[in-house]
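A.B. asks: The structure follows.
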Amino acid sequence: MAANAYLPWRHRPAVLLALAGAVYALVSLVNHYNFRTAALDLGLAAQVVGDWAHLRAATTTLLLDSPPTNFLSVHFSLTPALAVPLYWLVGGAWALLLLQLGAVLLGGLGVWRYARALGASAGEAQWALAFFSVQWGLFSALGFDYHDNVVGAMALPWLALWVAQGRWAPAAAAGGLLLVSKENMALWLVFVLLGLAWQHRGRRGVALGLGLAAAGALGYFLLITRWAMPTLDAAHRPFGQAVRYQQWGPTVPAAAANLLRHPALLWQALFQNTLPDAAYNYVKLEFWLALLCSGGLALLRRPWYALMLAPVIGQKLLANDPALWGINSQYSIEFAPVLAMAMADALRHWPAGAPARRRAWPLALAGAAIFTLVTLYTRQSKWYDRTTTNFLTGRHYRSPYDRAALRAALARLPAGGPVSAQSNLTPHLPAPRRLYLFPALHDAQYVVLLRQPTMAAAWPLRPEQSLQALAQLRQRPDFRVFYEDAQLVIFARRGPVRNPAEVLQF
């Protein structure tokens, strides 16, 4: 008999979570160690943590299309505050990555607890936890830096659990975390609460309370996006995310009405490439295949979970930005907990001990795991970089840089003083200090450039443009070489700043 047959059931969730945590760390933490994290969003969030740790208003300076502005005007998120205690131990970037990793593990534990509360056996709850842990949405998100919506989405299983148990104080705390994790998560919470109200429709008082809470979440979303964020923005610009959907109508309500009045248009938007570039063909179909392979059929048996996912699907597939359509990045994180919860809920009504019920979890896990494994190597979704996400390949653990030498060079920067740096360097620069994303110079006293940047490191420039910029700065009389080695050049400004809004053009 296998040795793990003697492991008590109460200990097996901890073992599964430990294994999952080790794998997630190999994805997320290794990326940062190898200088593969970026200014947006990890560098930006690390700035916020540093400011809040020193009890200052968080000012974002890394955006190329905006003057320095209040962070809450960019993303109305309070979750970076959870990383402040860790900031004093490991710095802002590492604190955020550890916070995100811990949140995902807590989300997995919430799925296990939720399955048990629904009546799943100890063994079935382990299957639910494993099913959650292999979801492609988790690996895509962890392979691309830190994002506040990952932390917020992991509160969902706990919210559903505590609502089912009638524990309203912790349920309110879980809902509050989801609400303040990001401005668009407040809109998702509206549908989550309506889905829970549907699920508990037999408990009329509970359903009514959840409906009222959904109305409150909608009011919060409108208040934040229509008043608070534009007010806090340095240029008082309106909430900018709606521009992704203006091809369907001038406003979000108009776009929704237009799509609902024209089913053929809605079908095209959900399933077809709506851009003239044929390179984006089949990206949306890959997403639907992901949903099918990862427990999507359970949504038909428990449609209140489909309601929870409706705004996420709309946000992804109706956008004019193909980066949202597929299975990359953090844009699918909400599917991981919802699909696992839907599977646990759908299977609990099958007769206990029935052969179909015994086979269902292994088959569901196999489908999700195989799809995740295959898409670690290849995807139709564009701009996928397997180096950042596929922890099974050797290249994931290699860096194009001498990491120790690069960290030592960055440590030569004097404390304080604004710095303009390339994308993959900004998360490694200590906060608080004013950081600009190169080619923005503004009032930077130092400019930090790699000699041979990768495509991701040079963004938003191309590597050849970055080399041109390096040559330009060598010729400028208002900059001198402060430090130089085989990998890196640090320029220091001479004299006063002539153009505090300067951005190099190419």
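A.B. asks: State which residue is surrounded by the most Cβ atoms within 10 Å (Cβ to Cβ) when the search covers only the stretch 159-183 and only residues that are within 20 Å of A336 (Cβ to Cβ) and out of contact with any Phe, Trp or Tyr (no Cβ under 8 Å at 6 or more places or on another chain).
C.D. replies: Among those residues, the one meeting the criterion is S181.
A.B. asks: Which one is surrounded by the fewest Cβ atoms within 10 Å (Cβ to Cβ) among residues in the stretch 224-261 that are assigned to a helix (DSSP H, G or I) and of a type in the set (S, T, Y)?
C.D. replies: Per the criteria, the residue is T231.
A.B. asks: Please specify each residue of the stretch 283-305 satisfying the condition of being crowded, with 18+ Cβ neighbours inside 10 Å and either more than 22 Å from the chain's Cα centre (by Cα) or closer than 19 Å to A153 by Cβ (or both).
C.D. replies: Of everything in the stretch 283-305, those that are crowded, with 18+ Cβ neighbours inside 10 Å and either more than 22 Å from the chain's Cα centre (by Cα) or closer than 19 Å to A153 by Cβ (or both) turn out to be F287, A290, L291, S294, G295, G296, A298, L299, R302, W304, Y305.
A.B. asks: Where the second residue is of a type in the set (S, T, Y) and part of a helix (DSSP H, G or I) and the first is without any contact (Cβ under 8 Å) to a residue 24 or more places away in the chain and under 13 Å from K182 (Cα atoms) and lies in the stretch 215-235, which pairs have Cβ atoms under 7 Å and are six or more apart or on separate chains?
C.D. replies: Final answer for the pair search is none.
A.B. asks: Using beta carbons and a limit of 6 Å, which pairs, at least six apart or on different chains, have the first residue in the stretch 318-344 and without any contact (Cβ under 8 Å) to a residue 60 or more places away in the chain and the second one of a type in the set (S, T, Y) and part of a loop (DSSP other than H, G, I, E, B)?
C.D. replies: Close Cβ pairs (under 6 Å, with a partner that is of a type in the set (S, T, Y) and part of a loop (DSSP other than H, G, I, E, B)) amount to G326/S381.
A.B. asks: Of (1) in a helix (DSSP H, G or I); (2) within 13 Å of the chain's Cα centre (by Cα), D145 satisfies all except one. Which?
C.D. replies: Exception for D145: condition (1).
A.B. asks: Now for a different question. Output the residues belonging to the stretch 286-322 that are touching a Lys or Arg at 6+ places or on another chain (Cβ under 9 Å), assigned to a helix (DSSP H, G or I) and aliphatic (A, V, I, L, M).
C.D. replies: If the condition is that a residue be touching a Lys or Arg at 6+ places or on another chain (Cβ under 9 Å), assigned to a helix (DSSP H, G or I) and aliphatic (A, V, I, L, M), then L317 is the only one that fits.
A.B. asks: Between A115, A122, A153, which is over 10 Å from the mean Cα position of the chain (by Cα) and buried (at least 24 other Cβ atoms within 10 Å of the Cβ)?
C.D. replies: None of the others qualify; the one that does is A115.
A.B. asks: Tell me which residues, restricted to the stretch 7-51, are at pLDDT below 95, in a helix (DSSP H, G or I) and exposed (fewer than 15 other Cβ atoms within 10 Å of the Cβ).
C.D. replies: W9, R10, H11, A14, V15
A.B. asks: Given the criterion assigned by TED's automatic domain parsing to the domain that holds E286 and modelled with pLDDT of 95 or more, identify the matching residue among L365, L347.
C.D. replies: It is L365.
The values are calculated or read from the model by the stated rules, or taken from the named source; none is laboratory data. Computed from a prediction, not measured in an experiment: that's the story for all the values here. Every residue, glycine as well, gets a Cβ built from its backbone with ideal geometry; the counts of neighbours run over all protein chains shown.
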